[in-house]
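Visitor: I am attaching a structure below and will ask some questions about it afterwards.
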Amino acid sequence: MKDLSYCRHQFPSLSRLGPDGQPLVYLDGPGGSQVPASVIQAIGDYYTHRNSNTHGQFVTSQESDAMIWQARTHMAAMLGSPDPSTISFGQNMTTLNFLLSQAIGRTLKPGDEVIVTDLDHDANVAPWLTLEDRGVVIRRVPVTSTAELDMDALRQLVNDKTRLVAVGWASNAVGTVNPLAEIRQLTAAQGAWMLVDAVHWAPHGVIDVEQLKPDFLLCSAYKFFGPHIGILYARPGLLESLPTLRVRPQSEAAPERMETGTLNHAALAGTIRAVEFLASFADEPSETLRNRLRQAMTHVYHYEHELAAKLYRGLSGLPDLKVWGPPVGAQDRAPTISFTVAGQSSETIARRLGEAGILAWDGDFYAMTVVDQLGLRGQGGLLRLGLAPYNTALEVERTIRTVEEIIRG
Ligand SMILES: Cc1ncc(COP(=O)(O)O)c(C=O)c1O
């Protein structure tokens, strides 16, 4: 396991002190990670040196065009796509998914079926529910008591009327990683599309669209050390088959076919640096960007998992505390540890942690259905701790100690 916490000095926000004079502990990454100086600087540099709209016959515009293409190239490398024109950008994942659902919806007929899951963030559910107005039937995959997808139910649901399965790579509420290879097989056998919400997974492990072969995959740069911007991978040729919402002068070809209006250029400049920040964890600087990212994300996975296992063990031993989701270690999992404490609301625990300088989210994080199905709404949902390469074993120990103090009153 390679210790990645050396990256801490690259994050200006990590030097901020909490109320007790100790550095803040950022365990709020699943809601948005911290941002390294290189990304912050790239955003400022864009406005300072290249700020322009696209397709002009002058230097700043030409540099902006080149920068946008580089952002596509970098994201393609991160997702394992050999073709940068498979990468479209948008305001955020939610907005891209709504645009996509409207475009796909216009190709569906009453009685066609779309499958969503009760484990997903609502950004991968609500856009598909809107298609009910067109007579599209929405089927829901329930979750088990261990917060995993009920795969028996899913196998029953996929049939020759299924047009699309919208599924998350990893749960932003409890860290479950879904069996995507099997879901790909099930959908492919019926000629249905598979759309993957990889927002929660993208900061934590390798993504390889060539291997998984999703039709669509979405993520968000602000979860992997970049700015607020959404990213869509679409299998070559697919966007051209969809009646996307477009102004008339807009290109009919991918990737621009999905992109309404002027993009957030400065955020794209930051996204390039965020991908390079991730790649910097690789051991072989001479390798291709794709190979460096694969190696880097493998390091990230192992580093975060060691921390997650420590956090999981420490919390599991505390009285009245229940950690939800699959155990750490036995299977693929995101390093996102969510728990409840009997008799205490998650909001109170989050506030007490906040007072101790430990930043953690409480609630349902928009993954409403899984929180409802686990019966946790009454106590204010979950308390979620998310790990990143800038977190350390000392921070994990401090967090376990503080949670114990809160429980013991
Ligand atoms: C799993 C998951 N999907 C989708 C989203 C929505 O992403 P965005 O904020 O880019 O719309 C989030 C945000 O937290 C998320 O965690």
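Visitor: Can you pull out every residue in segment 200-231 that is open to solvent by 20 Å² or more (accessible area, probe 1.4 Å) and touching a residue at least 60 places away in the same chain (Cβ under 8 Å)?
Guide: Keep residues of segment 200-231 that are open to solvent by 20 Å² or more (accessible area, probe 1.4 Å), which gives 206, 208, 210-213, 222-223, 228.
Val206, Asp208, Glu210, Gln211, Tyr222, Lys223, His228, listed by residue number.
Visitor: Quick one: which residue in Ile68, Ile87 is open to solvent by less than 10 Å² (accessible area, probe 1.4 Å) and at negative phi? Walk me through it before giving the result.
Guide: Numbers: Ile68 fails: open to solvent by less than 10 Å² (accessible area, probe 1.4 Å).
Every option except Ile87 fails the conditions.
Visitor: Read through the list (1) free of Cβ contacts under 8 Å to residues at least 40 places away in the same chain; (2) open to solvent by 30 Å² or more (accessible area, probe 1.4 Å); (3) over 28 Å from Asn172 (Cβ atoms), then give the number of the only condition that Ser61 fails.
Guide: For Ser61, the failing item is (2).
Visitor: Right, something else. Looking at (1) in the same structural domain as Pro249 (by TED's automatic domain parsing); (2) part of a helix (DSSP H, G or I), which one does Pro30 not meet, given that it meets all the others?
Guide: The single condition Pro30 does not satisfy is (1).
Visitor: For segment 253-263, check the following and say yes or no: at least one residue is part of a loop (DSSP other than H, G, I, E, B), within 30 Å of Pro12 (Cβ to Cβ) and in contact (Cβ under 8 Å) with a residue 12 or more places away in the chain. Before you say what the answer is, go through the steps one by one.
Guide: Step one: of segment 253-263, the residues part of a loop (DSSP other than H, G, I, E, B) are 253-255, 259-263.
Cutting the leftovers down to within 30 Å of Pro12 (Cβ to Cβ) gives us 262-263.
Filter again for in contact (Cβ under 8 Å) with a residue 12 or more places away in the chain, leaving 262-263.
Within segment 253-263, one or more residues are part of a loop (DSSP other than H, G, I, E, B), within 30 Å of Pro12 (Cβ to Cβ) and in contact (Cβ under 8 Å) with a residue 12 or more places away in the chain.
Visitor: Scan segment 341-400 residue by residue and report those that are aromatic (Phe, Trp, Tyr) and either assigned by TED's automatic domain parsing to the domain that holds Lys223 or open to solvent by less than 40 Å² (accessible area, probe 1.4 Å) (or both).
Guide: Phe365, Tyr390
Visitor: Based on this model, can you work out whether Thr262 counts as buried (at least 21 other Cβ atoms within 10 Å of the Cβ) and more than 14 Å from Pro84 (Cα to Cα)? Explain how you work it out, then say what you get.
Guide: Working: buried (at least 21 other Cβ atoms within 10 Å of the Cβ): no; more than 14 Å from Pro84 (Cα to Cα): yes.
Spelling it out, it is not the case that Thr262 is buried (at least 21 other Cβ atoms within 10 Å of the Cβ) and more than 14 Å from Pro84 (Cα to Cα).
Visitor: List pairs: first in segment 240-252 and aliphatic (A, V, I, L, M), second open to solvent by less than 70 Å² (accessible area, probe 1.4 Å) and not in a loop (DSSP other than H, G, I, E, B), Cβ under 8 Å, 6+ apart or cross-chain?
Guide: Final answer for the pair search is Leu242/Leu100; Leu242/Ala103; Leu242/Ile104; Leu242/Arg257; Leu245/Leu99; Leu245/Ala103.
Visitor: Can you confirm whether Leu164 is open to solvent by less than 20 Å² (accessible area, probe 1.4 Å), away from the ligand (no atom under 16 Å from the Cβ) and farther than 21 Å from Leu239 by Cα? Outline the logic, then answer.
Guide: Details: open to solvent by less than 20 Å² (accessible area, probe 1.4 Å): yes; away from the ligand (no atom under 16 Å from the Cβ): yes; farther than 21 Å from Leu239 by Cα: no.
When the stated conditions are applied, Leu164 does not pass them.
Visitor: Now, a different point. In the set Leu99, Leu79, Leu129, Leu108, which member is under 29 Å from Ala253 (Cα atoms) and within 14 Å of the ligand (Cβ to nearest atom)? First the steps, then the outcome.
Guide: Values: Leu79 fails: within 14 Å of the ligand (Cβ to nearest atom); Leu129 fails: within 14 Å of the ligand (Cβ to nearest atom); Leu108 fails: within 14 Å of the ligand (Cβ to nearest atom).
None of the other options fit; the residue is Leu99.
Visitor: From the list Pro30, Pro19, which residue is at pLDDT 95 or above and either within 16 Å of the ligand (Cβ to nearest atom) or not hydroxyl-bearing (Ser, Thr, Tyr) (or both)?
Guide: Pro30
Visitor: Tell me the residue from Ala234, Ala192, Ala181, Ala253 that is hydrophobic (A, V, I, L, M, F, W, C), open to solvent by 10 Å² or more (accessible area, probe 1.4 Å), over 28 Å from Ala360 (Cα atoms) and touching a Ser or Thr at 6+ places or on another chain (Cβ under 8 Å), please.
Guide: None of the others qualify; the one that does is Ala253.
Visitor: Taking segment 191-228, which residues are of a type in the set (A, V, I, L, M), in a loop (DSSP other than H, G, I, E, B) and within 12 Å of the ligand (Cβ to nearest atom)?
Guide: Matches in segment 191-228: Ala198, Val199, Ala202.
Visitor: Name every residue in segment 270-296 that is open to solvent by 10 Å² or more (accessible area, probe 1.4 Å) and either aliphatic (A, V, I, L, M) or assigned to a loop (DSSP other than H, G, I, E, B) (or both), in order of residue number.
Guide: Answer for segment 270-296, where residues must be open to solvent by 10 Å² or more (accessible area, probe 1.4 Å) and either aliphatic (A, V, I, L, M) or assigned to a loop (DSSP other than H, G, I, E, B) (or both): Ser280, Ala282, Asp283, Glu284, Pro285, Ser286, Glu287, Thr288, Leu289.
Visitor: Could you list, in sequence order, all residues of segment 53-76 that are within 16 Å of the ligand (Cβ to nearest atom) and aromatic (Phe, Trp, Tyr)?
Guide: None - no residue of segment 53-76 is within 16 Å of the ligand (Cβ to nearest atom) and aromatic (Phe, Trp, Tyr), so the list stays empty.
The values are calculated or read from the model by the stated rules, or taken from the named source; none is laboratory data. Predicted model only: the values in this text are computed from it and were never measured. Note that each Cβ is placed from the backbone with ideal geometry, even for glycine, and that neighbours are counted across all protein chains shown. Side chains included, ligands, DNA and RNA excluded: accessible areas come from the protein's heavy atoms. Shrake-Rupley method; radii C 1.70, N 1.55, O 1.52, S 1.80 Å.
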